[in-house]
Amino acid sequence: MSELQKNGARELLFGDLWEYAPAPESRGHINLAESYGHFINGEFIKEGDEFTSVSPSTEETLSTLHIADDAMVDRAVKAARDAYDNVWSKMPGRERAKYIYRIARMIQEKSRELAVIESMDGGKPIRESRDVDIPLAAAHFFYYAGWADKLEYTFPASSVSSIGVVGQIIPWNFPLLMMAWKLAPALATGNTIVIKPAETTPLTAMKLAEIIQEAGLPPGVVNIVNGYGKTGAAIVNHPDINKVAFTGSTEVGKIIQRSIAGTDKRLTLELGGKGANIIFEDAAIDQAVEGVINGIYFNQGHVCCAGSRLLVQESVHDEVVRKLNHRIQTLIVGDPLDKNTDIGAINSREQLSKIQELVQSGEQEGAVRFATQCKLPDKGYFFPPTFFTDVSPSHRIAQEEIFGPVLSVMTFRTPEEAAAKANNTPYGLSAGIWSDKGSKLFKMAQLMRAGVVWGNTYNKFDPGSPFGGYKESGFGREGGLHGLLPYLEVK
Ligand code: NDP
């Protein structure tokens with residue numbers, strides 16, 4: 001008898017009862033160029049070695065881009081410096097706000113096109129890019145547009161000013177949303193920008209460049225260069241960059257930290273995580289299971305704050321595992337552009353190999369694997385929603401960031417043990433607590449060494465709420481009032 005059958009996985013199997021007719025979102029309305037250049041000083045520059053952006057779900061080439069070398073990065077920084085000195089830092093906040101507001105409105109107007117391109121380029125389900133990524137990206141620009149003319153009243157008994165030219169580097173898991181998280185506060189506070197998208201997901205950044213151009217933002221205020229890690233390093237190490245903001249792996253975060261040590265550059269790092277969802281026996285179990293599913297399988301688990309560890313109170317462990325097992329069998333894995341799809345494609349072949357390797361290590365170290373029985377598409381990079389029971393805290397799958405749809409389940413007996421296990425990680429980005437008792441939620445939240453703690457929910461984001469980590473998850477906050485501070489000098 002398989003593990004699935006032992007756990008009664010045949011009950012409540014909705015996926016078996018009917019087939020969903022395909023509901024693909026049309027690609028007919030999108031406007032994707034065959035090639036894109038760097039966006040520098042308000043113009044697109046097609047220079048440098050070429051690379052392609054490939055759809056992870058179909059493996060088709062979507063567009064060709066160029067790699068920015070040191071000279072191209074220097075050109076971008078010079079444009080940003082010029083725009084900073086002569087235009088943007090001198091412009092009153094209420095005028096800057098109008099541009100930021102205009103960008104937000106244009107993102108809304110083009111939201112359908114942006115959502116489709118985001119799903120094609122990154123592999124995430126269209127429901128998520130349509131309902132989460134793009135609306136939240138617009139919301140960030142709206143939110144920070146509102147701060148631009150209020151900065152002088154924001155920090156009592158002090159005066160504030162912008163920093164200068166900021167260098168920003170972002171990852172591939174939320175391409176347009178990360179652009180918004182980085183650009184909106186930097187623009188509102190009067191800084192100019194050189195930003196690099198991840199090489200596997202540059203296309204919505206290029207569409208945003210078109211929006212910025214159409215919005216009439218003064219040339220040089222936002223410059224977007226493409227390329228690999230070397231281009232990112234050229235931004236970080238450029239002597240005329242005043243501040244670096246990085247989101248990505250802890251490994252690269254440490255390289256950046258070392259490389260700017262001893263300079264006067266400011267730095268914020270938003271790095272990896274190994275978030276714990278903690279289910280107490282008094283929780284509403286069905287609701288908690290739904291939250292855990294969302295916590296780990298949202299965006300194929302490519303989420304820095306994913307709830308990739310599950311701590312369950314011993315008395316409800318079997319019930320939770322049985323329900324989790326039922327629920328993952330109903331998840332639909334497949335074409336990211338189909339509106340029925342719950343789990344899209346893994347972002348790249350490299351990421352798929354990393355997930356496979358870590359899952360193999362879980363099996364070798366003795367954990368018990370559960371996975372959906374669904375058929376994966378023949379083409380593209382896909383991985384079935386998976387979870388492991390019998391995980392010990394020393395297993396690699398309990399310690400390392402898998403960044404895929406893989407959950408590690410462990411147990412606890414007391415709140416103190418739950419807190420100790422949740423904090424037993426080099427990271428400290430997020431946690432979720434599920435309990436019927438408000439006092440328990442607050443007590444546990446105090447014990448968590450994590451920047452974001454959700455109570456009876458997970459993966460909820462709002463531009464007004466600060467986000468960031470403890471320990472190796474980085475430092476500095478993005479979002480909310482706190483998200484202004486890394487871009488301001490406060491006197
Ligand atoms: P990286 O940290 O390598 O990439 C993030 C960004 O940094 C990308 O734009 C990348 O460029 C750029 N970059 C790479 N090297 C340097 C450097 N030396 N200096 C400056 N910038 C650099 O993440 P990966 O894409 O390689 O993913 C590896 C692992 O990192 C994943 O498996 C996942 O575990 C984790 N990760 C975590 C994220 C998070 O938000 N916590 C986000 C992304 C990844 P390019 O894309 O061209 O390499």
Check: Which FRET efficiency value, to the nearest 0.05, do you get for Asp49 and Asn86 by plugging their Cβ-Cβ distance into 1/(1 + (r/R0)^6) with R0 = 41 Å?
Finding: 0.80
Item checked: Gain upon complete extension [Gln373, Asp286; 0.36 nm per residue less C-alpha separation] -> 29.2 nm
Notebook entry, point to check: Counting only the backbone N, which residues of the stretch 167-210 are under 15 Å from the spot 7 Å out from the Cα of Tyr228 toward its beta-carbon?
Noted result: 198-201
Check: To the nearest 10 degrees, how steep is helix 317-329 against the longest Cα principal axis of the chain, on a 0 to 90 scale?
Finding: 60 degrees
Margin query: How large is the translational diffusion coefficient of the chain in µm² per second when you combine the Kirkwood radius over alpha carbon pairs with Stokes-Einstein at 4 °C and 1.567 mPa s?
Written below: 56 µm²/s
Check: What is the set of long-range amide H partners of Thr411 at a cut-off below 5 Å, with H atoms built 1.01 Å from backbone N?
Finding: Val312
Notebook entry, point to check: If you take the alpha carbon radius of gyration of the stretch 113-184 and divide it by 2.2 N^0.38 Å, what ratio comes out, to two decimals?
Noted result: 1.39
Check: Sorted by accessible area with a 1.4 angstrom probe, largest first, how do Thr52, Thr231 fall?
Finding: Thr52, Thr231
Next item on the list: Take the Cα pairs of the stretch 415-484, get the Kirkwood Rh, then feed it into Stokes-Einstein at 25 °C and 0.890 mPa s and tell me D in µm²/s.
Entry: 194 µm²/s
Note to self: If you fit an axis through the alpha-carbon atoms of helix 134-147 and take the longest principal axis of the Cα set of the chain, what angle between them do you get, 0 to 90°, nearest 10?
What the structure shows: 50 degrees
Check: Using a 1.4 angstrom probe and counting only protein chains, how large is the accessible area of Lys274 in Å², to 10?
Finding: 10 Å²
Item checked: Mean separation of Cα contacts under 8 Å (6+ apart) over length of the chain, as relative contact order % -> 18 percent
Notebook entry, point to check: About the Cα centre of the stretch 4-155, what is the dipole size in debye to 20, counting +1 per Lys and Arg Cβ and -1 per Asp and Glu Cβ, all else neutral?
Noted result: 780 debye
Checklist line | Spin-label pair Ser465/Thr154, simplified geometry with 7 Å Cα→Cβ offset, distance in nm | finding: 2.0 nm
Notebook entry, point to check: Going by alpha carbons, how many degrees (0 to 90, nearest 10) lie between the helix axis of 203-214 and the longest principal axis of the chain?
Noted result: 30 degrees
Checklist line | Rounded to whole Hz, the Karplus (6.51, -1.76, 1.60) HN-Hα couplings of the stretch 30-42, x for glycine and proline | finding: 8, 10, 10, 6, 5, 8, 10, x, 5, 9, 10, 6, x
Checklist line | Antiparallel bridges, percent of DSSP beta bridges restricted to the stretch 332-491 (to nearest 5) | finding: 40 percent
Check: Once the Cβ-Cβ distance between Leu481 and Ser439 is put in as r, and R0 is 30 Å, what FRET efficiency do you end up with, to the nearest 0.05?
Finding: 0.60
Note to self: Need one number: % antiparallel among DSSP beta bridges in the chain, to the nearest 5.
What the structure shows: 35 percent
Next item on the list: May I ask you to list the aspartates and glutamates whose Cα is less than 16 Å away from that of Lys90, ignoring any residue fewer than eight positions away on the same chain?
Entry: Asp82, Asp149, Glu152, Glu489
Item checked: Glu210 paired with Asn31, simple spin-label distance in nm, labels 7 Å along Cα-to-beta-carbon -> 0.5 nm
Note to self: With the cut-off at 1.5 for a/c, could you classify the stretch 30-116 from its C-alpha gyration tensor as rounded, prolate or oblate?
What the structure shows: oblate
Notebook entry, point to check: Per the Cauchy relation, a quarter of the hull surface: what is the mean projected area of the convex hull of the alpha carbons in the stretch 210-363, in nm²?
Noted result: 14.0 nm²
Notebook entry, point to check: Roughly how big is the stretch 124-272's charge dipole about its Cα centre, with Cβ charges of +1 (Lys, Arg) and -1 (Asp, Glu), in debye to the nearest 20?
Noted result: 320 debye
Next item on the list: Give me the percent of the accessible area of the stretch 164-279 that comes from carbon and sulfur atoms, probe 1.4 Å, all protein chains in place.
Entry: 55 percent
Check: Which lysines does Lys323 reach when only Cα atoms under 19 Å apart count, and residues fewer than 8 places away in its own chain are ignored?
Finding: Lys6
Notebook entry, point to check: Hey, which of these cross-link pairs are over 31 Å Cα-Cα: Lys46/Lys182; Lys124/Lys230; Lys182/Lys471; Lys265/Lys421?
Noted result: Lys265/Lys421
Notebook entry, point to check: Once phi is turned into θ = phi - 60°, what whole-Hz ³J(HN,Hα) does the Karplus curve with 6.51, -1.76 and 1.60 give for every residue of the stretch 242-255, x standing for Gly and Pro?
Noted result: 8, 8, 10, 10, 10, 10, x, 6, 4, 4, 5, x, 5, 4
Check: For the chain, what is the accessible area per residue in Å² when the probe is 1.4 Å?
Finding: 39 Å²
Item checked: CD proxy at 222 nm, helix term only [per DSSP H run n ≥ 4: -39500 (n - 2.57); per residue of the chain; nearest 500] -> -11000 deg cm²/dmol
Next item on the list: Provide the three semi-axes, in whole Å and in decreasing order, of the ellipsoid equivalent to the stretch 74-215 as defined by the square roots of 5 times the Cα gyration tensor eigenvalues.
Entry: 27, 17, 13
Check: Assigning unit charges at the beta carbon (Lys, Arg +1; Asp, Glu -1) and nothing else, what dipole magnitude in debye, to the nearest 20, does the stretch 68-113 show about its Cα centre?
Finding: 420 debye
Checklist line | Equivalent-ellipsoid semi-axes of the stretch 325-461, from the Cα gyration tensor, Å, largest first | finding: 29, 18, 14
Note to self: If R₀ is 30 angstrom, what is the calculated FRET efficiency for the pair Arg258 and Asp74, using the beta carbon separation as r and rounding to 0.05?
What the structure shows: 0.85
Margin query: Check which residues have an amide H placed less than 5 Å from Trp454's amide H, if you skip close sequence neighbours.
Written below: Ala431, Gly432, Ile433
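The values are calculated or read from the model by the stated rules, or taken from the named source; none is laboratory data. Keep in mind that what you see is a predicted model, and the values were worked out from it rather than measured. Every residue, glycine among them, receives a Cβ derived from its backbone with ideal geometry; neighbour counts consider all protein chains shown. Keep in mind that these areas ignore ligands, DNA and RNA; they rest on the heavy atoms of the full protein, side chains included. Shrake-Rupley method; radii C 1.70, N 1.55, O 1.52, S 1.80 Å.
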